[in-house]
Each structure stands twice: as structure tokens, then as C-alpha cells.
Amino acid sequence: MRDHLTRVVFYGAVLLLLVSTVTGLVRALLPDDVATPGAHNSEGYVILLGVAAWVEFARPRIAPGAWTVTAAVSVTSLAVALVLLLGGLPTPLATLNEGFFALAVLIPWLQLPRPVPRPAFALPLVAAAVPVVLHGNDAVVRADEVLASFVLFPVALDLVDRSILDPRQPRRLPLVVAWLAGLVVVALAVHLVRTPLPQGPGQDLVDFLSRVNEVFIAVFFVHVYFTVLGMAPGRTRASRPVPAERPVT
């Protein structure tokens, strides 16, 4: 009963936030100084819903080696992202494209066998290097949330708390708490030191980090839900056993 209630509240609250930001309801109900930051986080809510739902409902139920399902979902996410980006839709909808672009890559990442093969860590390493090497590039600026998600989620799920995707691993709650505190500190710090007109690589990087709040929020609440509240597959009563290995085909 407790797990079911936690699940309903979590997914219901995130879905309500997403719908409210897309429809503009959040601006109608809340003061501007509260509604404006919330309305800018819609991509993060998409990533949060997609990652959490895949980890909890899809991943434990997909048979080992069933990459056809994973690929189909990934391609669908990519198609939705392209429609949102190129379809001439209203801005509140169009801006969700980054969330779906991120999920198109994160879902296959989540489905990799654990521990993650070392070559796969090229994803976060390259994603971290791009805004440093190409600071100020317009395409990089537009893809900030996508690149940030490719760095933060692998760190969160494969370094900080491996037990979310592999119940054989211990839950390291003190490390997770320190990690979450670090995310909050970085998110606040970059806004304090950011200048209106970035000049130079350092300020460009600060400006880049100041625009990825959505990903900080998504990673933060993935940990709150799965680590702090103990809703990771393998910990709840309703969880099905997670296969010991997930061979890549």
C-alpha cells in the first residue's frame, strides 16, 4: 500500500507539473517569480518521467537481449523530438524536444548490462567535452539539456548509486546525499556568478551550466524516488526479479 501510494503521488505530481507548464496553467495559478522558473523546467519533467518509468516498469520486464523493444522506444523518442523541433508547434510544446532527444539515448543506456562496459563511458566523456571545446557554439547552446543529461545520468546511476539499476549493489545513501547536496550547490552557484553577457571560456561554461537546471532537477528527483524513498526495482514488494545479466545483441 505504501509503495503504491508513493508511486501514484510521484508520477501524478510530475505529470501535473508537466501538463501545467505546457498549458500555461502554472502561470495562471502561481505568482510570476514562482511560475516562471517552474515553466522553464518542462524538459526536465519529460526526462524525469521517461527515465523513472523505464527503470521501474520497463527495464525489469524486458527479457535479456530484447533490444528490439528498446530500439523501438528509442526511435520513437527520436521521432517525437524531431516533430516537436520541426513541426511548427507552439513554443511550450516545441521546447520539449530536448527531453525526447535525451531519452532517445538514455533509454538504451539504461538497458545496458551492469556493470556498464567501459567503452560506453565515452558518452559522458564526450558530452562533457563538447561544451568546453565548442563553448559559445549556437548548436551546443541549444543542446545544453541533452548534453548535460548524457553526463549527469551516467554519473548518478553508474557511479553514485549503482543499486538503482543493479539490486545486487549496496545502496550508499550517505554518498547519494552528498551528491544531491553538490547538485544543489552547483545549481545555485552558477546563477550567482553568471554575468548577463558571457565573455571568455569560463563565463561561457558558467552560462551553459546555468541553463541545465532541468537536468539537475531530473537527476535529483530520480535519486529521491529510487534511493531515498527506496522505490528502486528489487527493493519494493511489487518488484519482479531483475535478470542477473542483460547481454547486448
Residue 26 under 28 Å from residue 229 (Cα atoms) and modelled with pLDDT of 95 or more: no
Residue under evaluation residue 76, criteria (1) in contact with a Lys or Arg (Cβ under 8 Å, 6 or more places away or on another chain); (2) farther than 30 Å from residue 170 by Cα, criterion not met: (1)
Answer from 20, 77 - the residue that is outside any loop (DSSP other than H, G, I, E, B), over 16 Å from residue 222 (Cα atoms), modelled with pLDDT under 95 and small (Gly, Ala, Ser): 20
Sole exception among (1) among the hydrophobic types (A, V, I, L, M, F, W, C); (2) surrounded by 17 or more Cβ atoms within 10 Å (Cβ to Cβ); (3) modelled with pLDDT of 95 or more for residue 140, by number: (3)
Every residue from the range 181-191 that is farther than 14 Å from residue 159 by Cβ and in contact (Cβ under 8 Å) with a residue 24 or more places away in the chain: 184, 186, 187
Some residue of the range 161-170 being of a type in the set (Asp, Glu) and within 15 Å of the chain's Cα centre (by Cα): yes
Among (1) buried (at least 19 other Cβ atoms within 10 Å of the Cβ); (2) of a type outside the set (Lys, Arg); (3) under 21 Å from residue 217 (Cβ atoms) - the single one residue 111 does not satisfy: (3)
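The values are calculated or read from the model by the stated rules, or taken from the named source; none is laboratory data. Nothing here was measured: the structure is a model prediction, and the numbers come from that model. FYI the Cβ positions are ideal-geometry reconstructions off the backbone, even for glycines, and counts take in every protein chain you see.
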